[in-house]
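What follows draws every value from the coordinates through simple rules; no lab data is involved. Not measured: the values here are computed from a predicted model. All Cβ positions, even for glycine, are placed from backbone atoms using ideal geometry, and neighbour counts span all protein chains on display.
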C-alpha cells in the first residue's frame, strides 16, 4: 500500500507545483502590485500586457481552463489517495503522514492568491491601524488623504476602501502584527500573513490528531482529509483567507467537547466567534450536549454560563476597539448590510437593548429569507433536544454541520469556496463515509467551478454558479436525510 501511496503522492505534489507555479513567479516581479491586481485573471496573465485585446481575453480563458483541469486532476489524485488509505486494513504511520503533508503545504505557500484579492484587504486593515493609528471599526481607508498613493492600500476589493472592518478583533490583531513586521512592504506583509496561516494550519493538524485519539478512531483518515485537501491548501495557504484561525478554535472546542470540559469548550467557541461570528450557531447545540443528564436547574445553569462566557468575552475583546457599549449598535448596524444573519441578529439585539424597540427593523427585504433559516435552525435544535441517547457526539456533529450548510444555502449572501471548510472540519470526525465523500466531492469540484464565475462570458459564469448551487442543494437533501435517521432512532428508543 505504501508504494502505491508514494507514487500518488509524487504525482499529487507535481500537480500542486504546476498549479502554483504561475502565481508563485509573481514574487519575483518588479511590478508586483500591478501584476496581481486583476482578480481571477493571472493564472496565465503573467505573459500579458496591460492593454485589453482579444488575444488577452482568449489567453485569460485558456488559463482558466488549464487551472480547472489541473485542479480537477489534483482532486482526483486526492480521492485515489483517500481510497487507498480507507481500504487499507492498517492505519498509515501517522508521523510519516504528517511529514508528507508538509510538502504540498510548502509548495502551496509559494503561490499567490489569484482567485480572490481578499488578502490585500487584510493588509490594508492592518496597515490602517499600525501605520495611521486609526481604528478599523470606526475609520475607513478612503478617509485618508491620497490613500491611493500608499502601496499597502493597493488591490483592494469592491468597496473595501469605504467599509469598516468586517471581522472580529482577534483577526485584526493578527493583521496588525503582520503589518508591523512588514517594514512597509506589501510583499513582506503578504509573506507574514501566509506564514501565520501556515502556523495555524500545522496547529490544526495537531488538534485533529489529538481529537482522533480522544475518539479512539483511526487518526490517519481525518488528518489526511484536512492536511492534503486541495481546497484547504488553495484557500488558506495559497490565498491566505483568515477563516483558518476560526477553524483552529472550532477544533479546540471539539477537543474540549470530547474531553467533557464545558467551560473550556465555551471559551474556545467564544474565541472563534471573535474571529468570525458564524460559530455562535454552535452554542445551543453545545448547551444541549452538556445538559442531557441535567434537571431543570442544571439546564438553566448551563444556559446562564454559556450566555455569560460568550457575551462577556465578546465585549472584553471588542473593548480594545469599541470605546462605548452603545457603539456596538453602530458597528453591527454598519456591518449588517452584508445580508449576514449573524451580524443582522446582533444588530437587532443591540438596537433593542440599547436604543429601544422603536428601532426594530422588520422592513428588511431579506427578512423572509432569514426567518426561513431561523425556522430550520430551530428545527435542528429540536431534533438534538429530542435525541434520547446520552453522550451522543454524532448527533452534535451532524447538527453543527447541518446548521452551517443550511446557513450557506439560504441566508448567506454568497457561497465562496473558502466557506466550505466551516463544516468540513467537522465532517471528518463523523462516522459516516458518505459525509467524507461529500467533503471530497465539494473540495474538488466546487472550487474548480469558481474559476469560471469571474471575468468570463456571462453565460459561462451563470452556468458555473448554477452547477455549483445544484451541488449544494444536493448536499442539503443529504443532510436532511441524516436528520431523519436521528428521528428514526428516537422512535425506536421511545417504543422500547
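If we sort 253-261, 213-221 on the protection proxy, mean other Cβ atoms within 10 Å, highest first, what's the order?
Descending packing order for the listed peptides: 253-261, 213-221.
Provide 2, 417 in ascending order of the number of other Cβ atoms located within 10 Å of each residue's Cβ, fewest first.
So the residues, fewest neighbours to most, are 2, 417.
What spacing in nm lies between the two simple spin-label points modelled at residue 148 and residue 31, each 7 Å away from Cα in the Cβ direction?
Here the modelled spin labels are 1.8 nm apart.
Measuring from label point to label point, each 7 Å out along Cα→Cβ, what is the residue 102 to residue 467 span in nm?
My value for the distance between the label points is 3.8 nm.
Using per-residue counts of other Cβ atoms within 10 Å, averaged over each peptide, order 434-441, 421-428 from highest down.
421-428, 434-441
Roughly what would the spin-label model give for residue 319 and residue 89, points 7 Å off Cα along C-beta, in nm?
A separation of 6.1 nm, rounded to one decimal place.
Could you work out how far the C-alpha centroid of segment 95-158 sits from that of segment 296-325, in angstrom?
Here the two parts' Cα centres lie 30 Å apart.
Distance from the Cα centre of segment 252-270 to that of segment 394-418, in angstrom?
Cα centres, segment 252-270 to segment 394-418: 20 Å.
What is the percent of Cα-Cα separations in segment 217-313 that go past 24 Å?
Values: 1480 of 4656 pairs.
Of all Cα-Cα pairs in segment 217-313, 32 percent lie more than 24 Å apart.
Starting with the highest mean, order 394-405, 375-386 by the number of other Cβ atoms within 10 Å, averaged over the residues of each peptide.
Those peptides, ordered most packed to least, come out 394-405, 375-386.
So if R0 is 41 Å, what FRET efficiency would residue 434 and residue 188 give, r being the distance between their Cβ atoms, rounded to the nearest 0.05?
Plugging the Cβ-Cβ distance into 1/(1 + (r/R0)^6) gives 0.40.
Contour minus end-to-end for residue 7 and residue 214, with contour as 0.36 nm per residue of separation and end-to-end as the Cα-Cα distance?
71.4 nm
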